[in-house]
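A.B. asks: Let me begin by handing over the structure; questions about it come next.
Derivation of every value follows stated rules applied to the coordinates shown; laboratory data play no part. Quick caveat, the model's predicted, so the values are computed rather than measured. No Cβ is skipped: glycine too gets one built from the backbone with ideal geometry, and neighbour counts run over all protein chains shown.
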Amino acid sequence: RSRPTKAHTYRNYLAALQDHNKTVAKHRQVEKVSRKKFEAMISKFDAFQVVASRLGEKHAIRKFMAIRRSFTVLAPGQRIEMDFVNVDLVSLLVETGIWAILPEDIQDKIPRERIYFGAAIDVATRYILAFKASLVPNGASAVATIRMIMTDKRHLSTYVDAQTAWIGKIRPWFITHDNGSEFIAKKTQDVLRLARIEATRPPAGQPACRPFIEKLFHTVGLLIAPYFAGRTFH
């Protein structure tokens, strides 16, 4: 609430970094982030939360009313947003190392595969409840993503040696998704109906109706793609 400038915040960061590096061995010291990158990271913060923290929540609500007035979500599971995203990867053959030893004429004949990730985020907590990879987004992959929402995922976080266990699981009250074929498929709709989960499809071409999952993809896609060879940099 003291509303510091980016420059002042960066100076505080440098001071804290210097104090930290004095207390650890040289090989464990943290590298400095440039000021340009530091300010770019700040610019990616949630605009609503930044204004609410600096000027108060009432001011933020007035400023962002046109965007946020329809999202009165209080409880976990009350509103979950789902979608699929293409992470711009060329071929699984690249990941296995087979691609590099194939002749060029063979490479030209092999179709490029795309990896899609089905994701679900809880609006109340901004917690990612599902992240499922598939080569073709269809009803089966959408159902697998819905199942993942309600499944304990700690074995995945343990496998990758994550510092925080992926404990999130909940039975959704309401799911909102787009008009993609994977969501309107009979298999997906049957599962939603039998599980007594309410669902809706906002009008096409209006991503602001599902702002939280859209913003998630802009962030997560850039974090995941570097772990796979064959990135297209689209």
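A.B. asks: Binning at 5 angstrom from zero up to the longest distance, how are the C-alpha pair distances of region 98-173 distributed in percent?
C.D. replies: Reading upward from the zero bin: 3, 14, 18, 17, 14, 10, 8, 7, 6, 2, 0.
A.B. asks: If you don't mind, there's one more thing I want to ask. For K36, which lysines qualify as cross-link partners when the Cα separation must be under 28 Å and same-chain residues fewer than eight apart are set aside?
C.D. replies: Candidates past the 8-residue exclusion: K6, K22, K26, K44, K63, K215.
A.B. asks: Another question about this same structure. Near K109, which lysines are there with a Cα under 20 Å away, not counting those fewer than 8 places off in the same chain?
C.D. replies: List returned: none.
A.B. asks: Want the number for L156 to K6: 0.36 nm per residue separation, take away the alpha-carbon distance, what's left?
C.D. replies: Here the answer is 50.3 nm.
A.B. asks: Okay, moving on. For region 164-186 and region 25-65, compute the distance between their C-alpha centroids and round to whole Å.
C.D. replies: Cα centres, region 164-186 to region 25-65: 29 Å.
A.B. asks: At a 10 angstrom cut-off on C-beta neighbours, averaged per residue, how do the peptides 147-157, 168-178, 31-41, 114-124 rank from highest to lowest?
C.D. replies: Highest mean packing first, the order is 114-124, 168-178, 147-157, 31-41.
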